[in-house]
1. May I ask which residue of T86, G155, G122 lies farthest towards the positive end of the charge dipole of the stretch 84-161, with charges of +1 (Lys, Arg) and -1 (Asp, Glu) on Cβ and the Cα centre as origin?
2. How much length is gained on full extension from K87 to N2, taking 0.36 nm per residue of separation minus their Cα-Cα distance?
3. Quick one: which residues, 5 or more positions from L127 or on another chain, have an amide H under 5 Å from its amide H? H modelled 1.01 Å from N in the peptide plane, none for Pro or chain starts.
4. What distance in nm lies between label points placed 7 Å from Cα along the C-beta direction at C151 and K133?
5. Rounded to two decimals, what is the ratio between the C-alpha radius of gyration of the stretch 84-161 and 2.2 N^0.38 Å?
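Please treat every number below as a calculation from the coordinates, not as lab data. Keep in mind that what you see is a predicted model, and the values were worked out from it rather than measured. Note that we place each Cβ from the backbone using ideal geometry, even for glycine, and neighbour counts take in every protein chain shown.
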Amino acid sequence: MNDVRCPRCGGTNPPNSAFCGICGTPLAAQQSGASADSPSSPGWQQPAANQAEPPIPYPPPTNAYPPPAGVFLPPVPGAKVVGDNTKWAVGLGIGALFCCGPLTGVPGIFLAKKDMDEIAAGRAPHLDEGWAKGAYYLNIIALVLFVLGICLFWGRLGLGRF
């Protein structure tokens with residue numbers, strides 16, 4: 001099998017690759033008679049010590065994985081992301097369910113509500129409203145369960161036993 005060598009990083013790629021799978025450099029068409037593994041083949045070049053690196057193509061080709069260092073893929077159009085406030089609100093809601101009650105539930109409600117308000121105002125259309133609402137209700141449920149637990153505790157043990 002005649003693998004194609006990348007002129008930039010020297011990585012081996014399948015013969016039909018248009019771009020290097022390691023660094024994303026476009027690969028020149030290889031001659032079928034030359035071996036891609038030999039340094040004398042026209043597809044492989046020894047990089048010069050003082051030669052400047054070619055610029056990284058942006059956006060990187062679709063078959064370049066992982067993307068080259070320093071290149072960040074743009075978000076997919078129409079894709080929703082979970083906001084940082086919502087992520088914190090989910091964590092605080094889980095903490096409120098298991099140990100902390102209102103100490104983490106109340107800030108979680110405010111953080112989730114903040115993202116919900118940003119989405120409703122149109123300032124953050126890229127945020128996922130479903131996650132924000134889920135975090136909001138998770139914190140409310142945690143607070144309700146905390147209050148029920150306190151009521152059951154005082155109802156069973158009561159203040160009359162002290």
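1. G155
2. 25.7 nm
3. V81
4. A separation of 2.6 nm, rounded to one decimal place.
5. The reported ratio for this selection is 1.32.
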